[in-house]
1. Report, for the chain, the % of DSSP beta bridges that are antiparallel, rounded to 5.
2. What shape does the range 71-125 take by its C-alpha gyration tensor, where a ≥ b ≥ c are the square roots of the eigenvalues and a/c under 1.5 counts as rounded, a/b above b/c as prolate, and the rest as oblate?
3. Given the options 209, 253, 173, which has the most mean-square fluctuation in a GNM of the chain, springs set between C-alpha atoms less than 10 angstrom apart?
4. What number, in nm² with one decimal, is the all-direction average of the projected area of the convex hull of the alpha-carbon atoms of the chain?
5. For the range 18-71, just say rounded, prolate or oblate: build the C-alpha gyration tensor, square-root its eigenvalues into a ≥ b ≥ c, call rounded for a/c under 1.5, and beyond that prolate if a/b exceeds b/c, oblate if not.
6. As a check on your grasp of the helix formula, calculate [θ] at 222 nm for the chain: sum -39500 (n - 2.57) over DSSP H runs of n ≥ 4, divide by the residue count, round to the nearest 500.
7. Please report the spacing between the Cα centers of the range 167-182 and the range 284-328 in Å, no decimals.
8. Work the Kirkwood hydrodynamic radius out for the range 77-216: mean of 1/r over every pair of different alpha-carbon atoms, inverted, in Å.
């Protein structure tokens, strides 16, 4: 039975609100959700739960699981994901945990499409009948004991390495490398771990297709756009010779850090995404940085690529070919 880690009720007394306040305290520590067992432990009866559902105080995402609407903010994507995983755990039992794309999102790996706000990937290891649950993609993979851990002391989840193994089998190359770059950049995995992780996927569907991708990862990339631009440049025949290349002035003061760098071409590449760099103050800062760079390094040329450019690889090839003097 799922019960609070500290079984003493947080509120004592005979006041009629005491059971609800007890349940509220439990849910507040569980991302806004509570199991039926926990609610009854707090003092709420079946009749109380039905009444709280009728008046809209409680939601009912799964049989035996309730959400406290006032504690759940659907506009907070990360928070609502945790709520959804916690609810799924309570519904599926203590052997369940988050895996695949859901685990990657929980770890903060960048590169996947935004979570749809509905479906979570959960794992219940071992054979057995798969019971359909709304908004849950259920996997029955066997998971080694060292391949799971907890977040927030509550959410059971596959480790970053195992999360990558499972997720990469179902995505395209660009997304896969974005996830690995992000995991490396955040020190969720180490570069020396990648080959072992690649080999751990042996004999799984998709392993042959995805195996070479593991060796394209580079933890110096700081965003999915940088990763995708790097791959596009490499596919065009112009792999960068450096990432996060530093430029300093004569006194050693840092002037700029280039997303991409081609030493032989003396070419600096920037991956220009939307967001902070589109704000007026950041545009002004970028111009100041570019002016300083070109004053100190007049021989360096600059190319910039955006998300839109990724949809036209011939344009990227053309720009780099011109920079290399291989065409016009």
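Read-outs: derived from the displayed coordinates by stated rules, not from any lab. Please read all numbers here as calculations on a predicted model, not as lab measurements.
1. 70 percent
2. Judged from the Cα gyration tensor, the range 71-125 comes out oblate (a/c at least 1.5, b/c at or above a/b).
3. 253
4. 22.6 nm²
5. Because its axes are fairly even, with a/c under 1.5, the range 18-71 counts as rounded.
6. -11000 deg cm²/dmol
7. If you average the Cα positions of each part, the centres end up 26 Å apart.
8. One over the average 1/r among Cα pairs gives 15.2 Å for the range 77-216.
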